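Before any comments, here is the structure.
The values are calculated or read from the model by the stated rules, or taken from the named source; none is laboratory data. Only a predicted model underlies this, so the values are computations on that prediction, with no experimental measurement involved. A quick note on method: Cβ atoms are made from the backbone with ideal geometry, for glycine too, and the neighbour counts reach across all protein chains shown.
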Amino acid sequence: MPIGIIILAAGASQRMGTPKQALPIENGKSFLQKTVETALATDLRPVVVVVGANKKEVVPELEGLPVTIIDNTLWQEGMASSVRMGLVGAYLTDRNLQAVLMLVCDQPYITPSLLEHMVVTLNESGKKAVVCRYGESWGVPVLIGNQLFEEMTHLKGEQGAKPLLEKHINEVAFVNFDQGDIDIDTPDDYRQFRPE
């Protein structure tokens, strides 16, 4: 089943004060490079990276990597604009896509096995989507089947695909990702995660 990956990396990182996509996180690799490396360690293709704000600093992080780069000039509209642009980019790369898996680059504990487990869950559950559950909440990574692609093209706002998934919650399967609530948004978050 052809499944693509969309990495949402268009945000302005306002709370961080610098493009967090390019911050080093592990073995000299940046947040974005580590996320792309995780995506490429799966069999899922294409891997599409949506850039927008700070693209001059972000795009060089992708040099030499086999990804499709999509420039979201509407990034200020919120995450939903990146979801829409990523979906278009993935679909134009492979028109037979059955689902797309959406990642953000500030969840440092995403693994290839988690992503593969989500695909197995989609296939076995017969649901339209799979989302990760952490603590009392749920969210990205999310895997969305092509039955919802049309509705995804109409998303608006800061929440990305969450309102769409809430609307179809009975058609959503959940996988546990306990470390999913660890994301890096502020300099304090970064210092705690990566002490000098």
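Of the residues making up region 1-25, just one is assigned to a loop (DSSP other than H, G, I, E, B) and β-branched (Val, Ile, Thr), namely Thr18. Here Leu122 meets each of (1) hydrophobic (A, V, I, L, M, F, W, C); (2) crowded, with 22+ Cβ neighbours inside 10 Å; (3) more than 12 Å from the chain's Cα centre (by Cα); (4) within 24 Å of Val51 (Cβ to Cβ) with one exception, condition (4).
Residue-level check: of (1) over 28 Å from Thr18 (Cβ atoms); (2) at pLDDT 95 or above, Pro141 misses just (1).
Answer yes or no as to whether Leu114 is over 18 Å from Met79 (Cα atoms) and either in a helix (DSSP H, G or I) or in contact (Cβ under 8 Å) with a residue 40 or more places away in the chain (or both). The answer is yes for Leu114.
Yes/no matrix, rows are residues, columns are (1) out of contact with any Ser or Thr (no Cβ under 6 Å at 6 or more places or on another chain); (2) over 24 Å from Val131 (Cβ atoms):
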{"position": "Glu37", "(1), (2)": "yes, no"}
{"position": "Lys56", "(1), (2)": "yes, yes"}
{"position": "Leu62", "(1), (2)": "yes, yes"}
{"position": "Ile70", "(1), (2)": "yes, no"}
{"position": "Gly78", "(1), (2)": "yes, no"}
{"position": "Ala90", "(1), (2)": "yes, no"}
{"position": "Thr93", "(1), (2)": "no, no"}
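Among the residues of region 149-161, those identified as surrounded by fewer than 20 Cβ atoms within 10 Å (Cβ to Cβ) and either touching a helix residue (DSSP H, G or I) at 6+ places or on another chain (Cβ under 9 Å) or in contact (Cβ under 8 Å) with a residue 12 or more places away in the chain (or both) are Phe149, Glu151, Thr153, His154, Lys156, Gly157, Glu158, Gln159. Somewhere in region 61-75, is a residue more than 17 Å from the chain's Cα centre (by Cα), surrounded by 16 or more Cβ atoms within 10 Å (Cβ to Cβ) and outside any loop (DSSP other than H, G, I, E, B)? Among the residues of region 61-75, not one is more than 17 Å from the chain's Cα centre (by Cα), surrounded by 16 or more Cβ atoms within 10 Å (Cβ to Cβ) and outside any loop (DSSP other than H, G, I, E, B), which makes the answer no.
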